[in-house]
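In what follows, a structure is listed as structure tokens, so that the remarks can point back to it.
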Amino acid sequence: MPETRDLIILGSGAAGLTAAIYAARAELQPLVIEGVQVGGQLTTTTEVENYPGFRDAIMGPALMAEMKAQAERFGTEFLQADAEKVNLRARPFEIHAGGRVLTARALIIATGASAKLLGIPSEGKLLGHGVSACATCDGFFFKQKRLFVVGGGDTAMEEATFLTKFASSVTIVHRRDTLRASKIMQERARANPKFDFIWNSDVVEIHDLDGKVSGVTLRNVKTNALTKHEIDGVFIGIGHQPNTKIFEGQLSLDLAGYIVTQHGTMTEIPGVFAAGDVQDRIYRQAVTAAGSGCMAALDAERYLEGLKHAPGPNTAVMRLEELRTPLG
């Protein structure tokens with residue numbers, strides 16, 4: 001591997017791989033550091049039906065394998081390691097991964113976000129087989145099914161409200177006796193005839209039959225009494241956590257930990273770009289992640305082109321802004 005790369009991409013989900021495809025076609029010879037979850041969140045999804053270009057459903061891992069193969073076709077290199085530490089104050093930027101120190105003139109951060117889960121063994125076993133953390137991704141597969149949504153905040157209410165389009169019933173399971181969601185979200189939930197509530201309860205086990213969710217056991221947090229419920233699916237609605245820990249103190253993060261970007265994918269550090277769920281707390285879809293990955297690659301290409309014509313990075317940023325200006 002060259003001593004200093006033009007471009008390193010952190011993350012191998014839809015954003016990172018799309019950025020790699022565009023960057024490789026621009027002959028930037030990108031290196032993708034794949035991270036601990038190779039392929040990103042889509043590798044935990046079974047059928048994907050809402051990604052453009054596939055008339056029939058495609059399995060999440062298969063979709064990511066196709067993206068990686070496409071990136072490799074254009075010359076992208078991959079390192080199966082996790083980025084352990086970065087130094088964004090250095091020029092070129094330093095990335096510690098796999099016991100090595102790699103350097104790059106430009107960096108695209110596409111480390112994604114991880115859904116917060118309950119932490120019980122049966123949950124992980126059934127993820128993608130009746131357990132989900134994304135209603136817009138998987139709700140379609142639960143037509144006329146009985147569903148539990150775990151959580152009491154806005155995320156849970158949004159997930160549950162969307163699921164009522166498909167499910168025969170949606171029950172909110174919350175460990176407190178009042179919701180934490182905003183007032184308007186609470187009012188919508190209480191007014192929905194498909195909604196039911198189970199208060200003061202935790203999910204302690206998710207049951208399966210032939211590899212699919214068949215029910216749950218709940219524990220009342222006040223009495224410790226256990227109850228079993230027959231259901232068809234469990235949606236975890238307790239939020240997402242952006243994978244930004246190694247950037248704390250070096251990049252601006254919002255209150256939830258997402259990277260703050262401006263003018264598309266630019267961070268406040270010239271040459272550092274962010275794409276996908278690591279900076280998107282609203283949409284969190286594969287197609288929007290891919291779109292921002294494309295944007296980041298184009299931004300990085302223009303930034304690097306600016307470096308060739310200028311003595312310093314600030315002029316490269318001016319060049320990038322100039323290229324962003326619409327004609328006419």
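Every number here is computed from the coordinates shown, using simple stated rules; none is lab data. Small disclaimer: the values here were computed from a predicted structure and weren't measured. Quick reminder, even Gly has a Cβ in these numbers, built from the backbone with ideal geometry, and neighbours come from all protein chains shown.
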Which of the cysteines in the chain are isolated, no other cysteine C-beta under 4.7 Å? CYS294
Please identify the chymotrypsin sites (Phe, Trp or Tyr not before Pro) of region 138-229 that satisfy two criteria: DSSP loop assignment and at most 16 other Cβ atoms within 10 Å. Which are they? TRP199
When the dipole is taken about the Cα centre of the chain, and only Lys, Arg (+1) and Asp, Glu (-1) are charged at their Cβ, what size is it in debye, to the nearest 20? 640 debye
Across region 117-236, how many lysine pairs, 8 or more apart or on two chains, come within less than 20 Å at their alpha-carbon atoms? 12
Find which of PHE93, THR111, LEU304 sits farthest along the positive direction of the dipole of the chain, computed with +1 on the beta-carbon of Lys and Arg, -1 on that of Asp and Glu, about the Cα centre. THR111
Would you look at the GNM of the chain, springs on alpha carbons closer than 10 Å, and say which of SER169, SER132, SER292 moves the most? SER169
At 0.36 nm per residue, minus the direct Cα-Cα distance, what do LYS183 and SER214 gain on full extension? Give it in nm, one decimal, please. 7.9 nm
Mean-square fluctuation maximum in Gaussian network of the chain, Cα pairs under 10 Å, restricted to ILE246, ILE109, ILE172, hits ILE246
GNM top mover of GLU268, GLU187, GLU27 - the chain, alpha-carbon springs below 10 Å: GLU187
For the chain, what's the radius of gyration and Dmax over Cα atoms, in angstrom? 21.8, 70
Out of region 25-113, which trypsin sites (Lys or Arg not before Pro) are coil in DSSP terms and have no more than 13 other C-beta atoms within 10 Å? ARG55, ARG89
Quick check: net charge around GLU49, other residues with Cβ under 10 Å of its Cβ, Lys/Arg +1 and Asp/Glu -1? -2
Within region 177-265, report the trypsin sites (Lys or Arg not before Pro) that DSSP leaves as loop and that have at most 12 other Cβ atoms within 10 Å. LYS222
MRE, 222 nm, helices only [DSSP H, n ≥ 4, -39500 (n - 2.57), over the chain, to nearest 500]: -8000 deg cm²/dmol
Estimated dipole of region 1-118 in Debye, rounded to 20 [Cβ of Lys and Arg +1, of Asp and Glu -1, Cα centre]: 380 debye
Need one word for region 117-236: rounded, prolate or oblate. Basis is the Cα gyration tensor (sqrt eigenvalues a ≥ b ≥ c); a/c below 1.5 gives rounded, then a/b vs b/c decides. oblate
